[in-house]
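The values are calculated or read from the model by the stated rules, or taken from the named source; none is laboratory data. Values in this document were obtained by computation on a predicted structure and should not be read as measured data. Cβ: placed from backbone, ideal geometry, glycine included. Neighbour counts: every protein chain shown.
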Amino acid sequence: MKYLFNLRAAVIANRITLGVFFFISGIANYLNFSVPNGFYQTVLTQKIQIIGPNIPPGWEGIGPLPALIAVPYAWLLPLAEIVFGALFALNYWVRWTGILLILMTFSIILAFGIVPAGSLFPNGAESFNKNILFMTLIWMCIAYEAYEQKMSRRRVQAIEEATLSAANTEL
């Protein structure tokens, strides 16, 4: 039981940390929305890429996104980060907010690449897109929440069956 308590505490700390991270990230994106090379300009001009910049010709990626998609994405992504990050941190609808956070994170990976600096070495500006780790951590929170709900239903069912069998033996 002590192991489960430690696992539960770790998952709760992870969920709160990730939720707060997305909440603050959304606020930061709005604060840096219209500055030169800010979030809005980046979304409108950045190519969709899987690998990152400074890669061989033909692998640069596609894009940028058409304005019909890029403008709503630029305006709504920070708002979604704020709302879903807060809901995730506060333990509301963990499964659904987690799935939406994973989808948003996947869209960020598509937009900026798995290796944004084009290098996995420490001398690169950024060596690896950490959003992949966020996706797995969110997935662990969702899985643990589903496990807790399943165990809670089993406990309630066991209590009901015990109560029913005790009532039948008294008759």
Where residues in segment 53-77 are part of a helix (DSSP H, G or I), surrounded by 12 or more Cβ atoms within 10 Å (Cβ to Cβ) and touching a Leu at 6+ places or on another chain (Cβ under 9 Å), which of them is modelled with the lowest pLDDT?
A70
Would segment 128-136 turn up any residue that is more than 23 Å from F84 (Cα to Cα), modelled with pLDDT under 80 and either part of a helix (DSSP H, G or I) or out of contact with any Lys or Arg (no Cβ under 7 Å at 6 or more places or on another chain) (or both)?
yes
Restricted to segment 21-40, and to residues that are exposed (fewer than 15 other Cβ atoms within 10 Å of the Cβ) and under 19 Å from the mean Cα position of the chain (by Cα), which residue is modelled with the lowest pLDDT?
A28
Output for segment 78-122, where each listed residue is modelled with pLDDT of 85 or more, surrounded by 16 or more Cβ atoms within 10 Å (Cβ to Cβ) and either polar (S, T, N, Q) or not in a helix (DSSP H, G or I) (or both):
T97, T105
